[in-house]
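The values are calculated or read from the model by the stated rules, or taken from the named source; none is laboratory data. Please read all numbers here as calculations on a predicted model, not as lab measurements. FYI the Cβ positions are ideal-geometry reconstructions off the backbone, even for glycines, and counts take in every protein chain you see. When the accessible area is computed, the model is the full protein with side chains, heavy atoms only, and any ligands, DNA or RNA have been set aside. Shrake-Rupley method; radii C 1.70, N 1.55, O 1.52, S 1.80 Å.
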Amino acid sequence: MGYRRPDGKVGVRNHVLILPTITCATQAAHQITQLVHGTVSFIHQHGCAQVGVDYEQTFRTYVGMGLNPNVYGVVVLGLGCETHQARSVAGEIAKSGKPVEVISIQDSGGTLMAIAEGSKAAAKMVQEASAQMREVCYFSELTIGTECGGSDACSGISANPAVGVVSDMIVEVGGTAILAETTELIGAEHLLAKRATNDRVAKRAYEIIDMMEKRAILMGVDIRTGNPSPGNIEGGLSSLEEKSLGASAKSGTSPLTEIVDYAQTPTQKGLVWMDTPGHDIEQLTGMAAGGAQVVLFTSGRGTPTGSPIVPVIKISTNTPIFNKMSENIDMNAGTIIDGEESVDEVGKRIFQEIGQVSSGKLTKAEILKQHDFGIWRIGPTF
């Protein structure tokens, strides 16, 4: 049961997004969300003194957040003199047919006036959004993001392969599943390249892995020689390749149809690889900006991670961490380790949960208002 948008896409939430295009406007945006029920926003440090491909990637992320089907309408809030102009961002979002308003702190005469104008625009949108009714939609219209964070020795044999089952189920019914975390696929790229639907996709699989490694080498680090995360080491993983083999299990067995840039909307159905870093919040933001309506997040260490616009279903890889952090984790795949369920059974259970969450059931991160946001910066600030 979802919300049909003017461009035909389906949202599983009906948010009004207060979108600050510059760090200077984030606090004003937050104040609007405090005043107007039904609005969401995020804090960030971007939007100015960015150039080239770094500018383009941040711009694409802003626009993608506004275009996400879970968003009914957007109030774009800028300062006025920043590199990422609010009107440019709003213009791209408006092409979808969504209601969009632009507020400038400088043009409004200061923070207080901008908050007042933004709140009025947001309140009108929220009332309009509240009148929209859910309707029957199809799993084929869903784009599911997948990621794993804080892995342990159980990740590759419980939660991740269970998510792989779900990924295959989504693909089988005509939907899209996004595999991310390029950093955490190093050492497993050949397995994904073999499943590519054409030579171009296979070639790019090796290219983006190579580029990710070279970025680390430029910083004097060879990330193939060890595991960069203390949590992963404590969880029992011995190497980056071991982490990668577990992470790649989230892709299931479907053919790899496309590889897209960070925050880019897939053009193909099926299994899609998005080039993102391993950083949980940055990859989550990239998938949300790429149009994912729901994200499956596996964890062997526990995490409160969430998104301002996308419900994040968190799945534990072991039962002890589920019991310890039940206020943050939605589902337990540790039953596989305990011998109580098979990988397929947990996968089917996750698939059913997606249906319930897509119809309105709140995730733990949504209930706790865990509105995390972070953009993958690929260039310096000038």
Links exceeding 26 Å between C-alpha atoms in this model, out of Lys98/Lys361; Lys269/Lys314; Lys120/Lys314; Lys269/Lys364, come to Lys120/Lys314; Lys269/Lys364
With each pseudo-label sitting 7 Å past Cα toward Cβ, what's the Arg134-Lys269 distance in nm, one decimal?
-> 2.3 nm
Largest to smallest principal axis extent of the C-alpha atoms in segment 10-106, angstrom | 34, 27, 18
For 247-254, 343-350, ranked highest to lowest by mean beta-carbon neighbours within 10 Å, the order is 247-254, 343-350
Can you pull the percent of segment 24-64's accessible area that's carbon plus sulfur, 1.4 Å probe, other chains left in place?
-> 56 percent
The chain, helix-only ellipticity at 222 nm - DSSP H runs n ≥ 4, -39,500 (n - 2.57), divided by all residues, nearest 500 = -11500 deg cm²/dmol
Charge context of Asn332, other residues only, Cβ under 15 angstrom, K/R +1, D/E -1 = -2
Förster radius 35 Å - calculated FRET efficiency between Glu327 and Ala94 (Cβ-Cβ, nearest 0.05) = 0.35
Might you report the magnitude of the Cβ-based charge dipole of segment 329-370 about its Cα centre, with Lys and Arg at +1 and Asp and Glu at -1, to the nearest 20 debye?
-> 320 debye
For segment 58-187, how big is the tail of P(r) above 19 Å, as a whole percent of Cα pairs?
-> 65 percent
Reported to two decimal places, what Rg/Rh ratio describes segment 290-353 when computed on Cα atoms with Rh from the Kirkwood expression?
-> 0.98
Straight distance only, please: which lysines reach the Cα of Lys214 with their own Cα at less than 24 Å, same-chain residues fewer than 8 apart left out?
-> Lys194, Lys203, Lys243
Where N is the number of residues in segment 147-226, Cα Rg divided by 2.2 N^0.38 Å | 1.24
Rule-of-thumb check for segment 86-125: C-alpha Rg over 2.2 N^0.38 Å?
-> 1.22
So for Ile186, Ile337, what's the accessible-area order with a 1.4 Å probe, most first?
-> Ile337, Ile186
When the Debye formula is applied to the Cα atoms of segment 112-173, each taken as the same point scatterer, what base-10 log of I(q)/I(0) results at q = 0.26 Å⁻¹?
-> -1.07
Over the Cα atoms of segment 29-81, what is the Rg over Rh ratio if Rh follows Kirkwood?
-> 0.99
Gaussian network model of the chain, springs between alpha carbon atoms under 10 Å - residue of Pro277, Pro320, Pro266 with greatest fluctuation | Pro320
Estimated distance in nm for a label pair at Lys120 and Met1, the labels positioned 7 Å out from Cα along Cα-to-Cβ | 3.6 nm
Sorted from largest down, give the three principal axis spans of the alpha carbons of segment 256-309, whole angstrom values.
-> 32, 22, 18
For Ser342, Ser96, what's the largest-to-smallest order of accessible area, 1.4 Å probe?
-> Ser342, Ser96
Can you tell me which of 54-62, 159-167 comes out highest on packing, and rank the rest after it, using the mean Cβ neighbours within 10 Å?
-> 159-167, 54-62
Starting from the Cα of Glu207, step 7 Å along the direction of its Cβ; do the same at His190; then give the gap between the two resulting points in nm.
-> 2.1 nm
Base-10 log of normalised Debye intensity for segment 240-329 (one unit scatterer per alpha-carbon) at q = 0.23, 0.25 Å⁻¹ | -1.31, -1.40
Debye intensity ratio I(q)/I(0), log10, the chain, q values 0.13, 0.14 Å⁻¹ (C-alpha model) | -1.03, -1.19
At a Förster radius of 41 Å, what calculated FRET efficiency corresponds to the Cβ-Cβ distance of Gln356 and Asn198, to the nearest 0.05?
-> 0.65
Helix by helix through the chain, keep the DSSP H runs that span 18 Å or more along the axis on Cα and average at least 0.0 on Kyte-Doolittle, and give those back in order.
-> 111-130, 159-172
Relative contact order (percent) for the chain, with alpha-carbon contacts under 8 angstrom and 6 or more residues of separation?
-> 21 percent
